[in-house]
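Read the structure below first, then the notes.
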Amino acid sequence: MPLSRRAAAALPLALAALAVPRLPSAAGPEAAPASAGAAEAEAPPVLGVQLAFGAPDGLVLGAAYRPWTFLRLNGGFAWNALGFGVQGGATLLPFHFGITPTLTGEVGYYFPADYASRIERWTGTISPEVRPLLEHIGYTYLSTQLGLEFGGADSFVFFLRFGLAWIFTSASGPVTSTSDSGSTTYVLQGVEARAAVPTVNLGFVVYVW
């Protein structure tokens, strides 16, 4: 019959079509892990190491954390050749480019230390009337700075900042006053001092993860 002949002729073609392997679709399940991996690889780093030097900060080594691209937090340990302290801060970055303006706020605290011995070692002498007040002294500071950052926002940045710092300190100790009639010793407790001074800060951040 003519219909049977046509069916017999089409059968080999149908079998050949079934034997050809199917290629995986670009949008199939196999493509999903690759897309997820590419998105993860493009995510910007959030953790880094920061090293900075300035006044009244001293030398500060710490960690940097960037929860959002426009905000970076930092915290670490400080040293000013007279004692040790801690520092924390936050930096606003309105955008990222080769040169980026920044606004930074920092707060730090230096633990009480014997400043008198260290200053005497450098200068060779120190007034005996003032020495007791410097034997146990530390300070707290707050600063606001405007600056510029240079470099790649996701790898390495160098920064330079200028601003204003407020220093708060207190001292205690005996003070001797000498006159023609003799000498009198006063014990001062909790003598507080405040000062506003210019601040400058430079350093870099290296993102590691």
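The values are calculated or read from the model by the stated rules, or taken from the named source; none is laboratory data. The structure displayed is predicted, hence computed values, not measured ones. Here the Cβ is made from the backbone with ideal geometry for all residues, glycine too, and neighbour counts use every protein chain on show. Just the protein is used for accessible areas: all its heavy atoms, side chains included, with ligands, DNA and RNA removed. Shrake-Rupley method; radii C 1.70, N 1.55, O 1.52, S 1.80 Å.
The modelled label-to-label distance between residue 111 and residue 164, using points 7 Å beyond Cα along the C-beta direction, is 3.3 nm.
With each label modelled as a point 7 angstrom along the Cα→C-beta vector, the residue 86-residue 68 pair spans 2.6 nm. Amide H contacts of residue 160 (H built 1.01 Å from N, in plane; Pro and chain starts excluded): 148 sit under 5 Å, all sequence-distant by 5 or more or on other chains. Residue 155 contributes an accessible area of around 60 Å² to the protein surface, as traced by a 1.4 Å probe with all chains present.
Taking 159, 70 and ordering them by how much accessible surface each has at a 1.4 Å probe, largest first, produces 70, 159.
Could you tell me the calculated FRET efficiency between residue 46 and residue 196, based on Cβ-Cβ distance and R0 = 25 angstrom, to the nearest 0.05? It comes to 0.15. Counting heavy atoms of the protein chains alone, residue 109 has an accessible area of about 90 Å² for a 1.4 Å probe. Here the extension length gained between residue 155 and residue 118 equals 9.4 nm, from 0.36 nm per residue of separation less the Cα-Cα distance.
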